[in-house]
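The structure under discussion appears below in the form of structure tokens.
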């Protein structure tokens, strides 16, 4: 495998013209018990990547393999940058890559290059195309269903005549399509979908722009609910509604349990979010990556299999998301160790926290 890896690395480095061959230290890193795990995350726009996933995965890698090290890179929503980061990690001798793809289709050729170099790729949180070795994430359809069910709960008897705006995720992400389908499984026939938008880069600003367009088209007081795919998008939705002068906000969903979103839930500005236990996801992907790096079968770390558009029966771990409304915060997030009451209940939110049954 070493000979094959060196040959491919030379080709990749020559293609980039930016990676000196002297940087390739694969022999030294593979000689001992420890090895390098490459960790590639997609952006800084969603707070969880830097604040939760990165430190959790790094800690788990070190716990499971004290001699291993994690080489980290963030693509900042730039596919070309992520391609270069992957090649750089291969040239530096990473034995396995954990990849949350900035674009799951566009990274397919890079994953193929890693495969030819003998470097397995574990897809994380987003199911990338190409010859990936394993996948760790959540059931995206279930995330969407939880959002749809919560929205119907919030609408109550108004649901039959309700006008709902769909604020979907980034169209380049397969997760966004799963969330949309899951939500529509619940909402179709129960509410009227008045407008539907895709949100490039999961950006708060893009969500604000889209929501402003929906308000202009429908009227600020004629939107009964908003299915926002994640908390970044929900932030843009809430800001646009406030800017339009809406004082009684319609129920807005979210996802990721970002701290600011949890505070909005407490304050009644966002109806719910979806918590995906990051610690369990990080532990599962670290365990699979270390096992694969040691030459073990990824199926031994998997609990199921999934199919991508290019690859069938990928060994996978799919974890279960949890809905979080105001009444769920203490049980799910505080007792679960994600946040403390003090982190959530700022001075401005003390009265709202009391109403939600949270005490400092």
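Would you check if residue 235 is within 20 Å of residue 262 (Cβ to Cβ), in a helix (DSSP H, G or I), touching a residue at least 24 places away in the same chain (Cβ under 8 Å) and out of contact with any strand residue (DSSP E or B) (no Cβ under 8 Å at 6 or more places or on another chain)? The answer is yes for residue 235.
Quick grid of which residues meet (1) in contact with a strand residue (DSSP E or B) (Cβ under 7 Å, 6 or more places away or on another chain); (2) crowded, with 16+ Cβ neighbours inside 10 Å:
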| site | (1), (2) |
| --- | --- |
| 297 | no, no |
| 314 | yes, yes |
| 326 | no, yes |
| 346 | no, no |
| 350 | no, no |
| 356 | no, yes |
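In this structure, residue 151 does not satisfy being outside any helix (DSSP H, G or I), outside the structural domain of residue 302 (by TED's automatic domain parsing) and in contact with a strand residue (DSSP E or B) (Cβ under 7 Å, 6 or more places away or on another chain).
Here residue 140 clears all of (1) closer than 28 Å to residue 100 by Cα; (2) at pLDDT 95 or above; (3) crowded, with 18+ Cβ neighbours inside 10 Å except the condition numbered (2). With respect to (1) at pLDDT below 95; (2) under 19 Å from the mean Cα position of the chain (by Cα); (3) in a helix (DSSP H, G or I), the lone exception for residue 45 is condition (3).
The single condition among (1) without any contact (Cβ under 8 Å) to a residue 60 or more places away in the chain; (2) not in a helix (DSSP H, G or I) that residue 227 does not satisfy is (1). Do we have residue 269 as touching a residue at least 24 places away in the same chain (Cβ under 8 Å), within 15 Å of residue 123 (Cβ to Cβ) and in contact with a helix residue (DSSP H, G or I) (Cβ under 8 Å, 6 or more places away or on another chain) here? No. Flag: residue 324 does not match the condition of being assigned by TED's automatic domain parsing to the domain that holds residue 152 and in contact with a helix residue (DSSP H, G or I) (Cβ under 7 Å, 6 or more places away or on another chain). How about region 93-113: which of its residues are part of a helix (DSSP H, G or I), in contact with a helix residue (DSSP H, G or I) (Cβ under 9 Å, 6 or more places away or on another chain) and in contact (Cβ under 8 Å) with a residue 40 or more places away in the chain? Hit for region 93-113 is 113, nothing else. Test residue 121 against the criterion of being touching a residue at least 12 places away in the same chain (Cβ under 8 Å) and closer than 18 Å to residue 234 by Cβ, and give yes or no. Here the answer is no, as residue 121 does not meet what is asked.
What do you reckon, is residue 246 more than 30 Å from residue 119 (Cα to Cα) and outside any loop (DSSP other than H, G, I, E, B)? Against the criterion (more than 30 Å from residue 119 (Cα to Cα) and outside any loop (DSSP other than H, G, I, E, B)), residue 246 does not qualify.
Listed by position, the helices (runs of 4 or more DSSP H) contained in region 278-360 that have at least 2 residues being over 28 Å from residue 69 (Cα atoms) are 341-344, 350-355.
Is it fair to say residue 119 is outside any helix (DSSP H, G or I), buried (at least 24 other Cβ atoms within 10 Å of the Cβ), touching a strand residue (DSSP E or B) at 6+ places or on another chain (Cβ under 7 Å) and not assigned by TED's automatic domain parsing to the domain that holds residue 311? No, not satisfied. Of the candidates 286, 257, 214, the single residue that is buried (at least 20 other Cβ atoms within 10 Å of the Cβ), in the same structural domain as residue 94 (by TED's automatic domain parsing) and either within 26 Å of residue 157 (Cβ to Cβ) or in contact with a helix residue (DSSP H, G or I) (Cβ under 7 Å, 6 or more places away or on another chain) (or both) is 286. Among the residues of region 159-180, those identified as touching a residue at least 40 places away in the same chain (Cβ under 8 Å) and not in a helix (DSSP H, G or I) are 162, 163, 164, 165, 166, 167, 168, 169, 172, 173. Within region 94-140, being within 15 Å of residue 73 (Cβ to Cβ) and more than 21 Å from the chain's Cα centre (by Cα) holds for 94, 114, 119.
The values are calculated or read from the model by the stated rules, or taken from the named source; none is laboratory data. Just so it is clear, the model here is predicted, and its values are computed rather than measured. Glycine also receives a Cβ, built like all others from the backbone with ideal geometry; neighbour counts cover every protein chain displayed.
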